[in-house]
Amino acid sequence: MIDAYVVGVDMIKFGRFPDRTVPQIGAQAALMALDDCGLTIKDMEALYCGNLGQAAGMVGQRILQEIGQTGIPVVNVSNACATGATAFREGWAAVKAGLYDLVLCVGVEQMGKGLLGGAGGGTGIPREGLLGSGTMPSVFAEAGLEHSRKYGTTFEQFAKVSVKNHHHSTLNPKAMYQMETPLEMVMNAEMISYPNTKLMCSVNVDGSAAAVIASEKKARELGLMKRAIKVRASVLTSDPWQERDLVMPDVNSCTRIAAKKAYEMAGLGAEDIDLVELHDCFATAEILHYENLGLCGPGEAGRMIDTGAVALGGKIPVNVSGGLLSKGHPLGATGIANIYEVSTHLRGEAGKRQVEGARIGMTHVIGLGSACGIHILEKV
């Protein structure tokens, strides 16, 4: 099949923009990604747009109204926190299949404040409050405590994830927050859902990111291979049926399945990965995903955070961007923002947070419901 490459990619600085619309925010990242590779919307053959909050609003078409309506096909996708990764995968698949040589993928979200998840709609007996909580802090607190029960993972080890990621954010000018949070500050912050304190929860922000994907033929024709990043694997999964209690969501299985498929598609193993941007929606989640992604064996995640193996300068740096805990988590944008972060390191353009010698990186997002998107990227 045709090889596909990221030739242009960028993201806006995450923050809160109450005076701007979702299409305006998305358009900014789209133009930035196009500028990154010296192309224009007139060069694009299709647009894939990821947005969750306004999924029925044809956000992709409205972005084109901001930057140029050229008559190209537009696909709008919504897939929980995996929305941006799904939009990127759709664009990748179209190029791989030979439908197009150049496509633009945009992820954008404008978030409110407060807890995600909860009772939701529907009829019958509500599960919220009767069978546990469906709010995301509670779901990932329960998952973290299950890990503690099995392996003895401590509150302090979970908190160290937040210390690490907030430190990384001080090196990232596009992160929402850029501040140090010492261990005592993290552990003594307001408790949201044990063991996750407020500083161990991801940040609801507004943001957008975009990527231009090209076929190898077109990238060479345009002279873009010097900074091109090859997509070695693109995988999207959902939960399989299992004999288990479905009251609380399974936050592990779809990631484990996706990781296995991604390594097989790329012809690589976890030992080949130089850096990872994973879905640290809560500090407990990051610990779980070290094991789900095969970065360590079962029960070894606590030791990884204790030894600094996953910090910048460690064996396999994780969330050098600051992650969702500090960079922020605009749902529809996160998947492509992770692509931007890893691509920037593979290009050697990450500045003070550069992972030296990085050649292969992984991105991971999970949307409960369920969906998991994993991409493996390689420096050309």
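The values are calculated or read from the model by the stated rules, or taken from the named source; none is laboratory data. Keep in mind the model is a prediction, meaning the values are calculated, not measured. Reconstructed Cβ throughout: ideal geometry from the backbone, glycine too, with neighbour counts over all protein chains shown.
Rundown of residues vs (1) farther than 23 Å from Asn196 by Cα; (2) surrounded by fewer than 24 Cβ atoms within 10 Å (Cβ to Cβ); (3) of a type in the set (Lys, Arg), yes/no style:
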| site | (1), (2), (3) |
| --- | --- |
| Thr344 | yes, no, no |
| Gln354 | yes, yes, no |
| Gly361 | yes, no, no |
| His364 | no, no, no |
| Ser370 | no, yes, no |
| Leu377 | yes, no, no |
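Only residues that are in contact with a helix residue (DSSP H, G or I) (Cβ under 8 Å, 6 or more places away or on another chain) and either among the hydrophobic types (A, V, I, L, M, F, W, C) or without any contact (Cβ under 8 Å) to a residue 12 or more places away in the chain (or both): list them for the stretch 54-68, please.
Val59, Ile63, Leu64, Ile67
Give the number of residues within the stretch 73-84 that are crowded, with 18+ Cβ neighbours inside 10 Å and in contact with an Asp or Glu (Cβ under 9 Å, 6 or more places away or on another chain).
Total meeting the criteria: 3.
Please enumerate the residues belonging to the stretch 254-288 that are free of Cβ contacts under 8 Å to residues at least 40 places away in the same chain and either farther than 23 Å from Phe88 by Cα or in contact with an Asp or Glu (Cβ under 6 Å, 6 or more places away or on another chain) (or both).
Matches in the stretch 254-288: Glu271 only.
Check off (1) touching a residue at least 60 places away in the same chain (Cβ under 8 Å); (2) touching a strand residue (DSSP E or B) at 6+ places or on another chain (Cβ under 7 Å) for Ile41 and give me the number that stays unchecked.
Condition not satisfied by Ile41: (2).
Taking the stretch 296-334 only, how many residues are assigned to a helix (DSSP H, G or I), over 21 Å from Glu356 (Cα atoms), out of contact with any Phe, Trp or Tyr (no Cβ under 6 Å at 6 or more places or on another chain) and not charged (D, E, K, R)? Show your work before the answer.
Initially, the stretch 296-334 is screened for residues assigned to a helix (DSSP H, G or I), giving 301-307, 323-326, 334.
With the extra rule that they be over 21 Å from Glu356 (Cα atoms), the set shrinks to 301-303, 306, 324-326, 334.
From the residues that got through so far, the ones that are out of contact with any Phe, Trp or Tyr (no Cβ under 6 Å at 6 or more places or on another chain) too are 302-303, 306, 324-325, 334.
Keeping just the survivors that are not charged (D, E, K, R) gives 302, 324-325, 334.
Qualifying residue count for the region: 4.
Listed here are the residues, each with its yes/no results for (1) under 27 Å from Ser321 (Cα atoms); (2) surrounded by fewer than 19 Cβ atoms within 10 Å (Cβ to Cβ); (3) acidic (Asp, Glu).
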site	(1), (2), (3)
Lys13	yes, yes, no
Arg20	yes, yes, no
Leu47	yes, no, no
Gly57	no, yes, no
Ile67	no, no, no
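For Asn51, state whether it is in contact with a strand residue (DSSP E or B) (Cβ under 6 Å, 6 or more places away or on another chain), over 27 Å from Ala350 (Cα atoms) and crowded, with 24+ Cβ neighbours inside 10 Å.
On the way: in contact with a strand residue (DSSP E or B) (Cβ under 6 Å, 6 or more places away or on another chain): yes; over 27 Å from Ala350 (Cα atoms): no; crowded, with 24+ Cβ neighbours inside 10 Å: yes.
Spelling it out, it is not the case that Asn51 is in contact with a strand residue (DSSP E or B) (Cβ under 6 Å, 6 or more places away or on another chain), over 27 Å from Ala350 (Cα atoms) and crowded, with 24+ Cβ neighbours inside 10 Å.
One line per residue, one yes/no per condition, for (1) modelled with pLDDT of 95 or more; (2) more than 26 Å from Ala337 (Cβ to Cβ):
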position: Lys96; (1), (2): yes, no
position: Met111; (1), (2): no, no
position: Gly120; (1), (2): no, yes
position: Phe140; (1), (2): no, no
position: Arg149; (1), (2): yes, yes
position: Lys160; (1), (2): yes, no
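Restricting attention to the stretch 130-179, report how many residues are over 16 Å from Thr307 (Cα atoms), assigned to a loop (DSSP other than H, G, I, E, B) and among the β-branched types (Val, Ile, Thr).
Counting residues in the stretch 130-179 that are over 16 Å from Thr307 (Cα atoms), assigned to a loop (DSSP other than H, G, I, E, B) and among the β-branched types (Val, Ile, Thr) gives 1.
Within the stretch 154-165, is even one residue over 24 Å from Arg303 (Cα atoms) and out of contact with any Asp or Glu (no Cβ under 7 Å at 6 or more places or on another chain)?
Step one: of the stretch 154-165, the residues over 24 Å from Arg303 (Cα atoms) are none.
Taking every residue of the stretch 154-165 in turn, none turns out to be over 24 Å from Arg303 (Cα atoms) and out of contact with any Asp or Glu (no Cβ under 7 Å at 6 or more places or on another chain).
Which residues, counting only those in the stretch 180-205, are without any contact (Cβ under 8 Å) to a residue 40 or more places away in the chain and surrounded by fewer than 16 Cβ atoms within 10 Å (Cβ to Cβ)?
Glu180, Pro182, Leu183, Glu184, Asn188, Glu190, Met191, Lys198
For the stretch 206-219, give me each residue that is crowded, with 24+ Cβ neighbours inside 10 Å and within 19 Å of the chain's Cα centre (by Cα). It would help to see each step written out before you state the result.
Initial filter on the stretch 206-219 (crowded, with 24+ Cβ neighbours inside 10 Å): 207-214, 219.
Those that are crowded, with 24+ Cβ neighbours inside 10 Å and within 19 Å of the chain's Cα centre (by Cα): Gly207, Ser208, Ala209, Ala210, Ala211, Val212, Ile213.
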